[in-house]
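The values are calculated or read from the model by the stated rules, or taken from the named source; none is laboratory data. Please read all numbers here as calculations on a predicted model, not as lab measurements. Methodologically, a virtual Cβ is constructed for each residue, glycine included, from the backbone with ideal geometry; neighbour enumeration extends over all protein chains shown. Remember, those area values only see protein heavy atoms, side chains included, never the ligands or the DNA or RNA. Shrake-Rupley method; radii C 1.70, N 1.55, O 1.52, S 1.80 Å.
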Amino acid sequence: MEMERRFKVYVYEEGDLPIVHDGPCKDIYTTEGRFIHEMEHGGSRFRTRDAHKAHVYFMPFSVTWMVKFLYKPLSYNLTPLKNFVLDYVRVVSTKHPFWNRTQGADHFMLSCHDWGPHASEGDPFVYNTSIRVLCNANSSEGFNPQKDVSLPEIHLYDGNISPKLRSPPPANSSRPFLAFFAGGVHGPIRPILLQHWKGRDADLPIYEYLPKGLDYFTFMLQSKYCLCPSGHEVASPRIVEAIYAECVPVILSDHYVLPFSDVLRWEALSIQVEISEIPRLKEVLSAVPEETYARLKKGLRAVRKHFVLNQPAKRFDVFHMILHSVWLRRINVRLALNGTK
């Protein structure tokens, strides 16, 4: 309520389309583009055109579009991305007084691309001081939960939630499978999962790639637990898909800071399993008491609204949760000009 009453965001107008003021609104980087679009065009009550009244300053560049338009495929040279961030900071810090008074501590960027953290390395103050809202929230690779925000990865193929996941299924829906996973073998965790469980147990349909004719979301809706192992990077869109399907997420990840952990009790809606316990996965999940499972499903229903992208944005949805996370970090920033919080 305090955030809704007071919080004001200034969106820098510097920068040209498509890399600035735009972003992908479909596919795996949906969250990035939809947030930028909502800030730019959604009529948000939080946006102010008077920069002097702002609590935070949003740098509306899209790392996904940087990769599309600046990156040379297969070069693995991320210097153009870093240079863009450096140049952007140079422009706004030269033209406006706000960056220099806090070295960017009351500024934020947002990226759902895996390379968002690398792009932020272009300016040391963006990396070390600014609020970075990132899907790739890996605490072992510089993500600092005290100042950075973990952004949920939401894979909307055509920009909309799949019709199968649009409404929560009835609480008494049959779920014949104990746990489900289907996904490519990349990163260090998935090979372990597939080595131990691929095709091994009818109660745990575990696939590398789902065979033709089988439906991914149908499996989610028919499973008690949905396995969410990290790939090359820590974030997985399966977590949000599992929430939509009321399939309890099983987090298989090291160093992943889960989204909105300031206010959400993830232990009330998911299960975290150590990587070393993957060989015992069926035993671990089968040992969960039914009353505990029922509580976890109830937790999923309670948090669903926080992971929905509405257009226009609605109270308590993803857009508001992101801003609330930024707000919490902003109130701890002491401004050098007036010594206030």
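Any of Lys8/Lys95; Lys53/Lys95; Lys26/Lys72; Lys282/Lys305 with alpha carbons more than 28 Å apart? Name them for me. Those over the limit are Lys282/Lys305. Taking the inverse of the mean 1/r over every pair of distinct Cα atoms in the stretch 93-194 gives a Kirkwood hydrodynamic radius of 17.2 Å. Projected label points at Thr94 and Phe316, each 7 Å from Cα along the beta carbon direction, are separated by 4.7 nanometres. Rg over Rh for the stretch 1-85 works out to 1.05, both radii taken from alpha-carbon positions and Rh defined as the Kirkwood radius. A Cα-only calculation for the stretch 170-272 places Rg and Dmax at 13.4, 41 Å. Taking Cβ atoms as reference points and 10 Å as the exclusive limit, the residues near Ser62 contribute a net charge of -1, counting Lys and Arg as +1 and Asp and Glu as -1. Residues whose amide H comes within less than 5 Å of that of Tyr12, counting only those at least five positions distant or on another chain, are Phe58 (H built at 1.01 Å from N in the peptide plane). Here the calculated FRET efficiency for Glu277 and Met1, from their Cβ-Cβ distance with R0 = 45 Å, stands at 0.65, rounded to the nearest 0.05. Per residue, the stretch 131-283 exposes an accessible area of 41 Å² to a 1.4 Å probe, with every protein chain left in place.
Report in % the part of the accessible area of the chain that belongs to carbon and sulfur, leaving out ligands and nucleic acids; probe 1.4 Å.
Reported share for carbon and sulfur atoms: 52 percent.
In the chain, the DSSP-assigned H stretches of four residues or longer account for a calculated mean residue ellipticity at 222 nm of -9000 deg cm²/dmol, using -39500 (n - 2.57) per stretch and the full residue count as denominator.
Can you classify the stretch 23-164 as rounded, prolate or oblate using the Cα gyration tensor, where a ≥ b ≥ c are the square roots of its eigenvalues, rounded means a/c under 1.5, and otherwise it's prolate if a/b beats b/c and oblate if not? It comes out oblate by the Cα gyration axes. Taking a straight Cα-Cα cut-off under 15 Å and skipping sequence neighbours fewer than 8 places away in the same chain, the aspartates and glutamates within cross-link reach of Lys82 are Asp114, Glu121, Asp123. Other residues lying with their Cβ under 11 Å from the Cβ of His232 contribute a combined charge of -1, Lys and Arg counting +1, Asp and Glu -1. Note on the chain: along the principal axes its Cα atoms extend 62, 47, 34 Å, ordered by decreasing extent.
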